[in-house]
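A.B. asks: Take this structure first; my questions come after.
What follows is calculated from the coordinates using simple rules that are stated; it is not laboratory data. For clarity, every value in this text was computed on a predicted model and none was experimentally measured. Positions of Cβ are backbone-derived with ideal geometry, glycine not excepted, and every protein chain shown enters the neighbour counts.
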Amino acid sequence: MCELADSVLLSRSGVTRLVDRLERDGLLAREDCAADARGAFAVLTGAGERLLEQARETHVEGIHRHFLSRFSTKELEALERAARALPGRVGLARRVGGAASTAAAAGRTTRRR
């Protein structure tokens, strides 16, 4: 849980409350950490995975509609190249479903200003 708290903008107690709520709602389950008896892993349940997939689809559509649709195919390719150079390799194509190809396939390459 400490690692989770460190990776999000919540305090450790905030993450604990969030995990408690998600566990109560059947979206997460806590699993013991074999290497550290004090630790636990927050693991998505089947219901949690289904909800995450629905949220992902909505999130990606919002990225396309509000951000990527404003770039031409050439600009999207340049943005993807720039993202690959970032530390940790953000991987625009990987995270947003192949931005340039997806935007072009969806007819979203027309610039809007």
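A.B. asks: Tell me, what is the percent relative contact order of region 2-44, built from C-alpha pairs under 8 Å that lie six or more residues apart?
C.D. replies: Rounded, it is 25 percent for region 2-44.
A.B. asks: A follow-up question, please. Would you mind checking which residues have amide H under 5 Å from LEU28's amide H? H placed 1.01 Å from N; only 5 or more apart, or other chain.
C.D. replies: Those lying under 5 Å, H to H, from LEU28 are GLU23, THR45.
A.B. asks: Pop a pseudo-label 7 angstrom from the Cα along the beta-carbon direction at both LEU9 and VAL60 and give the gap in nm to one decimal.
C.D. replies: 2.5 nm
A.B. asks: Rounded to two decimals, what is the ratio between the C-alpha radius of gyration of region 12-88 and 2.2 N^0.38 Å?
C.D. replies: Cα Rg divided by the expected 2.2 N^0.38 Å: 1.61.
A.B. asks: To continue, here is another question. Please give the net charge around PHE41, taking every other residue with its beta carbon less than 14 angstrom from that of PHE41, where Lys and Arg add +1 and Asp and Glu add -1.
C.D. replies: That sum, taken over residues with Cβ under 14 Å, equals -3.
A.B. asks: Taking each pair of different alpha-carbon atoms in region 2-44 once, compute 1/r for the pair, average those values, and report the inverse of that mean as the Kirkwood hydrodynamic radius in Å to one decimal.
C.D. replies: Mean inverse Cα-Cα distance, inverted, gives 10.7 Å.
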